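Engineer: Just dropping this structure here.
The values are calculated or read from the model by the stated rules, or taken from the named source; none is laboratory data. In this text, all values refer to a predicted model and were calculated from it rather than measured experimentally. Remember, those area values only see protein heavy atoms, side chains included, never the ligands or the DNA or RNA. Shrake-Rupley method; radii C 1.70, N 1.55, O 1.52, S 1.80 Å.
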Amino acid sequence: MTEALTIRSLTTTTELEDVRALESRVWGEEEATPVHQTLTAVKNGGLVLGAFLNEKLIGFQYSFPGFDGNCVYLCSHILAVDPAYRSMGIGAKLKHAQRQESKKTGYSYISWTYDPLESANGYLNIGKLGAVCSTYIENCYGDMNDPLNADLPSDRFVVEWASTEDTKRTQPLYTPDQIMDASLIQWTLTDQGVPSVTDIDERWLDHDIVSVAIPSAFQQMKEVSPSLALDWRMRTRRVFQTCFAKGFQVTDFMKYPESNAPVHFYILTKKEVQK
């Protein structure tokens with residue numbers, strides 16, 4: 001079906017009204033970005049890309065210029081796909097189209113935030129696209145009331161994705177067994193069948209490669225045990241902040257080799273030994 005998918009830049013008020021309508025369906029009416037904001041962004045170096053299937057808008061990406069004190073980059077703010085069309089790789093296609101457009105415009109890199117406990121986003125952003133992360137922001141957006149973020153601090157990774165470099169990885173220097181053994185987060189399954197943190201093993205911080213386990217289905221965990229979800233938030237916050245302070249960077253993402261696994265893993269490497 002995705003063979004018929006087309007992606008193009010959106011610049012008119014009518015097109016951006018359709019974007020806002022889709023965003024409302026995904027995030028809720030109160031969270032949708034006003035058209036006057038997206039319209040202003042695209043007229044001033046920003047970008048809104050729409051993914052269409054049979055001329056129906058089923059996904060979009062919205063970004064605007066940023067400046068880090070040294071260079072101008074593209075700040076990717078929102079990516080959304082119609083729930084009826086998820087798990088079709090549309091998000092990845094939108095990101096690759098965004099990268100192509102950023103090259104044309106001359107941006108140095110693309111940056112965006114996401115919740116590090118959302119494993120699907122980790123797999124896309126880090127595992128498939130090859131973005132990297134060494135910045136963790138506590139409660140980045142304050143209290144958020146939408147279904148995905150309610151009742152938890154809105155902690156976020158800030159990732160960077162080079163516009164002009166090939167980020168395809170060479171053969172990994174590690175095996176799945178090594179990554180599971182090297183996890184700073186130790187866990188066990190509860191009687192409800194969800195993972196619970198049992199310990200943080202900081203001995204691995206003396207190594208050049210470490211891993212951090214996260215729940216594979218964080219939203220389902222929130223429904224089963226909100227207190228357990230909060231514990232994962234606070235424990236992983238501490239671990240990632242400790243790793244980043246010691247010179248580690250998130251460079252890969254590994255799904256647990258078993259189907260329906262309770263956890264997946266971020267892989268972190270020391271910046272000076274990355275390949």
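Engineer: Solvent-accessible area of Ser108, probe 1.4 Å, all protein chains present, reported in Å² to the nearest ten, please.
Structural biologist: Accessible area, nearest 10 Å²: 60 Å².
Engineer: Would you mind working out the accessible area per residue for the chain, using a 1.4 Å probe, and quoting it in Å²?
Structural biologist: 50
Engineer: A further question on this structure: Would you mind classifying the stretch 22-62 by shape? Square roots of the alpha carbon gyration tensor eigenvalues, ordered a ≥ b ≥ c; an a/c under 1.5 is rounded, otherwise it is prolate if a/b is larger than b/c and oblate if not. Let's see the in-between values first.
Structural biologist: Values: a/c = 2.74, a/b = 1.16, b/c = 2.36.
Oblate, because a/c is 1.5 or more while a/b does not exceed b/c.
Engineer: When a/c is below 1.5 the answer is rounded, else prolate if a/b is larger than b/c, else oblate, so apply that to the chain with a ≥ b ≥ c taken from the square roots of the Cα gyration tensor eigenvalues.
Structural biologist: Prolate shape, in that a/c is at least 1.5 and a/b is the bigger ratio.
Engineer: Now, a different point. Pick out which of Ser76, Ser227, Ser154 has the largest mean-square fluctuation in a Gaussian network model of the chain, springs linking Cα atoms closer than 10 Å.
Structural biologist: Judging by the Gaussian network model, the answer is Ser227.
Engineer: Oh, and also: Pairs Lys56/Lys95; Lys128/Lys255; Lys56/Lys128; Lys43/Lys103; Lys222/Lys271: which exceed 22 Å Cα-Cα?
Structural biologist: Lys56/Lys128; Lys222/Lys271
Engineer: Can you give the helix-only mean residue ellipticity at 222 nm for the chain, where every DSSP H stretch with n ≥ 4 adds -39500 (n - 2.57) and the sum goes over all residues, rounded to the nearest 500 deg cm²/dmol?
Structural biologist: Taken over the chain, the calculation gives -8500 deg cm²/dmol.
Engineer: Return the carbon/sulfur percentage of the accessible area of the chain, one whole number, probe 1.4 Å, all protein chains in place.
Structural biologist: Summing carbon and sulfur atoms, their accessible area is 47 percent of the total for the chain.
Engineer: Another question, then. Give the aspartates and glutamates whose C-alpha is closer than 20 Å to that of Lys93, dropping any in the same chain fewer than 8 places away, or say none.
Structural biologist: Result set, ordered by chain and number: Glu3, Glu15, Asp18, Glu23, Glu55, Asp82, Glu101, Glu118, Glu160, Glu165, Asp166, Asp252.
Engineer: While we're on this one: Provide, in order from the shortest bin, the percent of all Cα-Cα pairs of the stretch 1-99 in each 5 Å bin, continuing until the bin that contains the maximum pair distance.
Structural biologist: For the stretch 1-99, the pair-distance distribution reads 2, 13, 25, 25, 19, 10, 4, 1, 0.
Engineer: Take the chain, connect every pair of alpha-carbon atoms lying under 10 Å apart with a spring to form a Gaussian network, then pick out the residue of Asn70, Asn149, Asn121 with the largest mean-square fluctuation.
Structural biologist: Of Asn70, Asn149, Asn121, the Gaussian network model singles out Asn70 as fluctuating most.
Engineer: Here's a follow-up. State, as an integer percentage, the relative contact order of the stretch 195-253 based on alpha-carbon contacts under 8 Å between residues 6 or more apart.
Structural biologist: About 36 percent, as a whole number.
Engineer: Taking Cα centroids, how far is the stretch 199-275 from the stretch 109-168 in Å?
Structural biologist: With the stretch 199-275 and the stretch 109-168 each reduced to a Cα centre, they are spaced 13 Å.
Engineer: Given Cα positions, please report Rg to Rh for the stretch 57-195, the hydrodynamic radius being the Kirkwood one. Show your work: numbers first, answer last.
Structural biologist: Details: Rg = 16.9 Å, Rh = 17.1 Å.
Checking Rg against Rh, the ratio lands at 0.99.
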